[in-house]
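Peer 1: I am attaching a structure below and will ask some questions about it afterwards.
The values are calculated or read from the model by the stated rules, or taken from the named source; none is laboratory data. This is a predicted model, so every value here is computed, not measured. Cβ placement follows ideal geometry from the backbone for every residue including glycine, while neighbour counts extend to all protein chains displayed.
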Amino acid sequence: MTDTPRFETLQLHAGQEPAPGTNARAVPIYQTTSYTFDDAAHGARLFALEEFGNIYTRIMNPTTDVFEKRIAALEGGVAAVATASGQAAQLTAITTLASAGDNIVSTSYLYGGTYNQFKVALERLGIEVRFVAGDDPEEFAARVDDRTKAFYLESIGNPRFNVPDISAFADAAHEAGIPLIVDNTFGAAGYISRPIDQGADIVVASATKWIGGTEPPSEESSSTRATSIGEEGSFRSSRSQHPDTTASSSERRSVRTDRSGTSPLRSEHESRDCETWVRHCRHSTHSC
């Protein structure tokens, strides 16, 4: 019998302890921007990062903390950072590793918003993105120079549905002494694909898809992403750091955390739907 909880258990309970004094099972929503300190010395220690604790919601919130710990547990990471928008997690991860004059190597098989961020926004910051049209690690390795800071992939390409060999890309990245970043949105928080187990160092994922389920379009602008970080030292670089935290409203964190509990059930049904569609297309005389 293993001591490691199954995915279905982690999705419901990881990162959470029953609320003190109430033993509430659901994750409480902490609608606060600030916190009290025991005394001036306690506050000084917190702000000096000499002691762990809540300082300000932009940095940390107890509701957000549960979401982050749960995503890290599901993805197999040592920590996670929740951000307020879909593009923020990617930008946070990349700009932690790279600055003006640096570059990353990325597949061109990307979600449209990601491609635009890489092509336009990062260029304005002086970070070059070297696109490779394909899933060949050797082509990525050929684009590396002394200013290359990371490789970037999607575990299942959107909208191409290509599935790259993550282990091979991880080997190529580590050979160059750089981390592999993988967008695991279609991997359903590790249920379908778990890139960190295959050697990836950093995982980003849109929580409005499989993690949180379908939501109204009006909420898409406040989509949540989580960045899970793999074990430190898995690539030979002294530049590795955890991305800074940018917290959004605690209500949305609670909703995402609660909805993550149905991820396997939804993923199984959606996977069966995809299989049915593929079988239909294989035998159809019409274009799919």
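Peer 1: Identify, from the list I71, I104, the residue that is under 18 Å from A170 (Cα atoms) and of a type in the set (V, I, T).
Peer 2: Details: I71 fails: under 18 Å from A170 (Cα atoms).
Of the residues listed, the single one that is under 18 Å from A170 (Cα atoms) and of a type in the set (V, I, T) is I104.
Peer 1: On to the next question. Can you name the condition, by its number, that T63 falls short on among (1) under 15 Å from the mean Cα position of the chain (by Cα); (2) assigned to a helix (DSSP H, G or I)?
Peer 2: The failed condition is (1).
Peer 1: Taking into account only those residues within segment 119-128 that are of a type outside the set (A, V, I, L, M) and in contact (Cβ under 8 Å) with a residue 24 or more places away in the chain, which is surrounded by the fewest Cβ atoms within 10 Å (Cβ to Cβ)? Please lay out each step first, then the result.
Peer 2: Taking segment 119-128 and keeping what is of a type outside the set (A, V, I, L, M), we get 119, 123-124, 126, 128.
If we keep only those that are in contact (Cβ under 8 Å) with a residue 24 or more places away in the chain as well, we get 126, 128.
Values: G126: 12, E128: 17.
Out of the qualifying residues, it is G126.
Peer 1: One residue is enough: does segment 223-242 have a residue meeting the conditions more than 26 Å from A84 (Cβ to Cβ) and at pLDDT 55 or above?
Peer 2: No, segment 223-242 contains no residue that is more than 26 Å from A84 (Cβ to Cβ) and at pLDDT 55 or above.
Peer 1: Of the conditions (1) in contact (Cβ under 8 Å) with a residue 40 or more places away in the chain; (2) farther than 21 Å from L97 by Cα; (3) within 18 Å of the chain's Cα centre (by Cα), N162 satisfies every one except a single condition; which number is it?
Peer 2: (3)
Peer 1: Could you tell me whether any residue of segment 170-183 is of a type in the set (V, I, T), closer than 28 Å to F67 by Cβ, modelled with pLDDT of 85 or more and within 12 Å of the chain's Cα centre (by Cα)? Steps first, please.
Peer 2: Step one: of segment 170-183, the residues of a type in the set (V, I, T) are 178, 181-182.
The next check asks that each one be closer than 28 Å to F67 by Cβ; those that pass are 181-182.
Next, only the ones that are modelled with pLDDT of 85 or more stay: 181-182.
Filter once more, keeping what is within 12 Å of the chain's Cα centre (by Cα): 181-182.
Within segment 170-183 (the criterion being of a type in the set (V, I, T), closer than 28 Å to F67 by Cβ, modelled with pLDDT of 85 or more and within 12 Å of the chain's Cα centre (by Cα)), the answer is yes, since at least one residue qualifies.
Peer 1: D102: among the acidic types (D, E), more than 20 Å from T208 (Cβ to Cβ) and buried (at least 17 other Cβ atoms within 10 Å of the Cβ), yes or no?
Peer 2: Values: among the acidic types (D, E): yes; more than 20 Å from T208 (Cβ to Cβ): yes; buried (at least 17 other Cβ atoms within 10 Å of the Cβ): yes.
Taking the combined requirement at face value, the residue satisfies it.
Peer 1: Let me ask something additional. Could you check how many residues of segment 165-197 are of a type outside the set (G, A, S), farther than 21 Å from N103 by Cβ and in contact with a Phe, Trp or Tyr (Cβ under 9 Å, 6 or more places away or on another chain)?
Peer 2: The total comes to 4.
Peer 1: Evaluate the following for S167: is it surrounded by 14 or more Cβ atoms within 10 Å (Cβ to Cβ), in contact with a Gly (Cβ under 8 Å, 6 or more places away or on another chain) and modelled with pLDDT under 95? Before the answer, list the steps.
Peer 2: On the way: surrounded by 14 or more Cβ atoms within 10 Å (Cβ to Cβ): yes; in contact with a Gly (Cβ under 8 Å, 6 or more places away or on another chain): yes; modelled with pLDDT under 95: no.
It is false that S167 is surrounded by 14 or more Cβ atoms within 10 Å (Cβ to Cβ), in contact with a Gly (Cβ under 8 Å, 6 or more places away or on another chain) and modelled with pLDDT under 95.
Peer 1: Check R45, R70 and return the single one that is in contact with a Ser or Thr (Cβ under 7 Å, 6 or more places away or on another chain), surrounded by 14 or more Cβ atoms within 10 Å (Cβ to Cβ) and not hydroxyl-bearing (S, T, Y). I'd like the intermediate steps shown before the answer.
Peer 2: Details: R45 fails: in contact with a Ser or Thr (Cβ under 7 Å, 6 or more places away or on another chain).
Testing whether each residue is in contact with a Ser or Thr (Cβ under 7 Å, 6 or more places away or on another chain), surrounded by 14 or more Cβ atoms within 10 Å (Cβ to Cβ) and not hydroxyl-bearing (S, T, Y) leaves just R70.
Peer 1: So, restricting to helices (runs of 4 or more DSSP H) that lie completely within segment 73-189, which ones have at least 2 residues that are of a type in the set (D, E, K, R)?
Peer 2: Because the criterion is at least 2 residues that are of a type in the set (D, E, K, R), the helices (runs of 4 or more DSSP H) in segment 73-189 that meet it are 137-142, 166-175.
Peer 1: Take the residues of segment 177-194 that are under 20 Å from A82 (Cβ atoms) and hydroxyl-bearing (S, T, Y): which is surrounded by the most Cβ atoms within 10 Å (Cβ to Cβ)?
Peer 2: The selected residue is T185.
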